[in-house]
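Each remark here refers to the structure printed beneath this line.
FYI, it's all coordinate maths here, none of it is from the lab. In this text the structure is predicted, and so the values were computed from the model without any measurement. Glycine also receives a Cβ, built like all others from the backbone with ideal geometry; neighbour counts cover every protein chain displayed.
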Amino acid sequence: MTLVPPRRPRAPLVALALVCMPALAHADDDPLAAWKAVGLGQSRGMPVPVPGQDEAAPVRPQAAKQGVVFVNFDGVNLSQGGFDSSQNDTSQIFGGAFAAYGGDGTQRAAVMEAVRADWAPYNVLIVDSRPASGDYTMNVTSPTNPIGGGVLGIAPLDCYDQQTHNNITFAFHGASDGFPASVQATTIGQEVAHSYGLEHVDDPSDIMNPFNAGGDPSFKDQCIAVVQGGQCGQQHAEHCGSGTSQNSHQELLQLFGTSEPDTQAPTVTITAPEDGAVFPVGAEFKIEVTAADDSAIGTVQLFDGEMALQNDAAEPYFWDVFDIPEGVYQFRVVATDLSGNEAESNVVEVVVGDPPQSDTSGDAESGDEADDDDGEASGDGDGTGTDDGLAMNDGGDDKGCGCNETPRTAAAAWAILPVLALVRRRRRG
């Protein structure tokens, strides 16, 4: 789990002044009048510099690594703190409840498709379910707008993604707000990119333009003048020779590299209880699991044999078992990463109650282990032998062994409770 550093004395200020105008606007009393006439011209708020970066040593480029963006359509309750933590729902900009995106899922699916298209050139996974592990940027996509109408989103500005890989950004959109999927995706993409150090630029065809110009902009592979900001000049200068211009495409490539298919499966192991463990009826014990992936785990699913029991979608992975009835249980776990790659754990067999009796036919009181020529067991003349009360069938038919196997009880008949209900864990909306 990522630790949240203590809040620094100087808190960031949310600056929303609209200090630049798009390149195609007219220089009159309202430079956005032409856009507003057709329902455009809404702003995307000036990014909020993260605390401490100007007080610390100069930022340095990060080695390219796969990024993960969680588009949270489901609503969330945030606490406000000095540093972002997407895993703990702590934001340096806002606290409070944000409503779910809403709708029947159609618009949500279209927005996800558009966001993935915008980020397709880069090694970044775009998901709409919270990752169970690893670093991720969360975009809260919600109609709840603490700033007010006319501002579509806001985010922390984190040069080189150096302060934390777990920023929280905001897109103030809902399923019924009237904006097409491409515009909502542009808001999401811009606010997420701010958390990687990208700033506003003066070109409506670039996702990083601060005004809604409609259309379907992209991260442009050219140096464009920076407006509303200038905090991450070192990052921009590496590609444009000056901190006053930004090449959005090249900066994202530097951070994440080019898109690569994820074919590597995760690893997963049940670490407790031990295979062959025996517990009394009604016992309490814990099933503990370790899982890892080169990117992030999506979920782990617990099985008893072929019966699916429960999911756990957050580290640490474990389940507390209560009042388990008599039976033999074969636990295994399937871990799935964010790209859908799966891996299966070791199988751990647990016996509750008395262990199954082993076959001790060789120790029968008669000491006679031989069968007669027609396949019937000796000792009683009716084709069966006796061994501590267990009927044995050695006659070559298809009845098999009649050993007294411990009865198996369906998993649904006993209580296996998710860890979330039992231990203190990070809060989620």
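The table below gives the values:
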{"read-out": "Ranked by how many other beta carbons lie within 10 Å on average, peptides 283-293, 339-349 from highest", "value": "283-293, 339-349"}
{"read-out": "Ratio of the Cα radius of gyration of the stretch 33-256 to 2.2 N^0.38 Å, where N counts its residues", "value": "0.93"}
{"read-out": "Residue order, fewest to most surrounding Cβ atoms within 10 angstrom, among Asp221, Asp74", "value": "Asp221, Asp74"}
{"read-out": "The stretch 33-256: relative contact order as a whole-number percent, Cα under 8 Å and 6+ apart", "value": "24 percent"}
{"read-out": "Chain lengthening between Asn346 and Asp275 when straightened (0.36 nm per residue, less Cα-Cα)", "value": "24.6 nm"}
{"read-out": "Inter-label distance, nm, simple model (7 Å from Cα along the C-beta direction), Asp177/Glu306", "value": "4.8 nm"}
{"read-out": "Computed over the stretch 239-314, Kirkwood Rh from alpha-carbon pairs, angstrom", "value": "17.1 Å"}
{"read-out": "Gln80-Ser129 pseudo-label distance in nm [points 7 Å out on the Cα-to-Cβ vector]", "value": "3.4 nm"}
{"read-out": "Stretchable slack from Ala64 to Thr267, in nm (0.36 nm times residue separation minus alpha-carbon distance)", "value": "70.8 nm"}
{"read-out": "Förster radius 45 Å - calculated FRET efficiency between Asp354 and Ala99, Cβ distance, rounded to 0.05", "value": "0.25"}
{"read-out": "Which of Cys159, Cys232, Cys240 has the fewest Cβ neighbours within 10 Å, and the rest in rising order", "value": "Cys240, Cys159, Cys232"}
{"read-out": "Point-charge dipole on Cβ atoms (K/R +1, D/E -1) for the stretch 33-256, about Cα centre, debye to 20", "value": "180 debye"}
{"read-out": "Packing-based exposure ordering (other Cβ within 10 Å, fewest first) of Leu125, Leu309", "value": "Leu309, Leu125"}
{"read-out": "Net +/- balance of residues flanking Gly153 in space, Cβ distance below 9 Å, scoring K and R +1, D and E -1", "value": "0"}
{"read-out": "Spin-label pair Asp221/Ala120, simplified geometry with 7 Å Cα→Cβ offset, distance in nm", "value": "1.5 nm"}
{"read-out": "Of Ala292, Ala272, Gly282, farthest towards positive along the dipole that unit charges on Lys, Arg, Asp, Glu beta carbons give the stretch 260-301", "value": "Gly282"}
{"read-out": "Reduced Cα scattering model of the stretch 143-271, Debye log10 I(q)/I(0), q = 0.19, 0.20, 0.21 Å⁻¹", "value": "-1.06, -1.14, -1.22"}
